[in-house]
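Below is one structure, written out as structure tokens; comments come after it.
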Amino acid sequence: MAMASFRREGQRLSSMLYSHSINALKSGVSSQELAPVGARSISTQIVRNRMKSVKNIQKITKAMKMVAASKLRAIQTKAEKSRGLWQPFTALLGDYPSIDVKKNVIVTISSDKGLCGGINSTSVKMSKGFRKLNSGPDKEVKYVVLGEKAKAQLVRDSKKDIEISITELQKNPFNYTQVSVLADDILKNVEYDALRIVFNKFHSVVSFVPTVTTVLSPEVVERESETGGKLGDLDSYEIEGGETKAEVLQNLTEFQFACSP
């Protein structure tokens, strides 16, 4: 009996609520007033405005991509043309990253800004790896840092080993005059037997190849050529003019460093 009375009472309440909803709709009550507590509603005008703003952002992003692509093509063309300068020196003087010398200077090249993937961290990791490989009781390893990002990472644990730090180099497009002044400033302020230039070589828009180029000092080049080592083929070249062999090697190594990628 009790269960039957409960069922009858439930049916009566359901019919009352249904009739109340029908009457409210007929009387013009808005759907927002009938919505349950916590339900969200939004007008179609807000949706249209949001869609319009998203389309505007898409147009701006597309324009930015086109500008970036045009700048990248120009820089890529310059980089590819500049390789014709340093490749002959690599063929003449060679590139010997495994050569054993006492004074090593690691030139780490990075950017001043981030948001470029692992390019900067890769250069720093390679620089630290070369430092470990060339460390020893009778050896000296120093850093020359080009770029703010590499400086921020190397200064944490190798501050005393940083000989020169130069930042804000990418504000203006590079040309040979600026690079020559920069190279001359570095060579005048560091003593080295080998310069290990660590950088990322451009391969594609989304890919860079970590690369190390070695530039030997004129003294090491002359010593290797005289002892018939890896640079023994240099004696097969004739030197014209009034310059000595040491002066020619000095000019060649300085020019090689300035033209290095």
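Observations
- Listed by chain and number, the lysines whose C-alpha is less than 22 Å from the C-alpha of K113, apart from same-chain residues fewer than 8 away, are K65, K71, K78, K125, K128, K149, K151, K159, K171, K201.
- Look at the Cα gyration tensor of the range 89-168: its axes a ≥ b ≥ c give a/c of at least 1.5 with a/b at or below b/c, and that counts as oblate.
- Summing charges over all other residues whose Cβ lies under 13 Å from the Cβ of R156, with Lys and Arg as +1 and Asp and Glu as -1, gives +3.
- 14 Å beta-carbon shell around S260, net charge (K/R +1, D/E -1): 0
- The listed peptides 55-64, 192-201, 124-133, ordered by packing as a protection proxy, come out as 192-201, 124-133, 55-64 (highest mean of other Cβ atoms within 10 Å first).
Quick note: the coordinates plus some simple rules give every number you see, no bench work behind them. Quick caveat: nothing in here was measured; it's all calculated off a predicted structure. Because the Cβ atoms are built from the backbone with ideal geometry, glycine has one as well, and the counts that use them run over all protein chains shown.
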